[in-house]
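What follows is one structure encoded as structure tokens, with my remarks underneath.
Please treat every number below as a calculation from the coordinates, not as lab data. Just so it is clear, the structure is predicted and the values come from calculations on it, not from any experiment. Heads up, the Cβs are rebuilt from the backbone with ideal geometry, glycines too, and the neighbour counts pull from every protein chain shown.
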Amino acid sequence: MQRFIVACRLFWYALFGAPSAESAERLLLPQTPEPPAPEDKPSAPPKPAASKRSEALTLLAALQREARFVDFVMESLDAYSDEQIGAAARDVHRGCRTVLQRMFDVQPVREEPEGTSIKVPAGFDQGLVRLSGQVAGEPPFRGSLQHAGWKAGKCELPTWTGEPHVQTVIAPAEVEVT
């Protein structure tokens with residue numbers, strides 16, 4: 001009986017207007033279920049963009065903070081004696097070495113002592129070995145190790161979290177209050 005009532009209603013809807021006919025078509029034609037509407041979740045407020053700082057500046061700041069590297073390099077050494085420069089260089093060297101070891105775990109590329117006679121085989125990696133001197137012909141080459149090279153065992157620079165207006169500051173000005 002219910003189908004008969006629906007059919008009568010649809011007949012009249014079709015006779016009396018297009019909107020009614022369209023409604024009738026929607027009722028009669030098979031419909032695919034519509035996907036559920038996405039729930040409106042309250043969106044989190046956008047995070048402020050993190051300040052960008054060059055990793056090179058982060059490293060330079062660490063070398064300055066722990067070894068006074070920039071102070072040493074930027075100061076004119078003309079007024080100092082070799083002994084004074086040597087004493088200052090010892091402290092700068094020690095601090096720089098500490099920073100490099102902590103952040104990069106610097107290691108030699110080759111383990112042989114410098115001056116050792118070594119053989120460089122055919123197909124050697126030019127990223128690991130650079131030939132100098134009288135290089136002629138095809139490998140293998142024989143020569144004296146002039147420098148063992150350096151490689152990083154890791155690269156762990158600290159993440160900088162400062163404000164954008166100080167992202168280029170290597171070391172802040174220091175003021176001693178009296």
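Residue separation of residue 90 and residue 144 scaled by 0.36 nm, minus their Cα-Cα distance, works out to 16.5 nm of gained length.
The spacing between the stretch 117-165 and the stretch 71-112, judged by their C-alpha centroids, is 21 Å.
The phi torsions of the stretch 92-97, fed into the Karplus equation with coefficients 6.51, -1.76 and 1.60 and a -60° offset, translate into couplings of 4, 4, 4, x, 5, 4 Hz, rounded to whole numbers, with Gly and Pro shown as x. A simple packing score, the average count of other Cβ atoms within 10 Å per residue, orders the peptides 75-87, 94-106 as 94-106, 75-87, with the highest score first. Scanning residues 5 or more positions from residue 141 or on other chains, those with amide H under 5 Å from its amide H are 120, with H placed 1.01 Å from N in the peptide plane.
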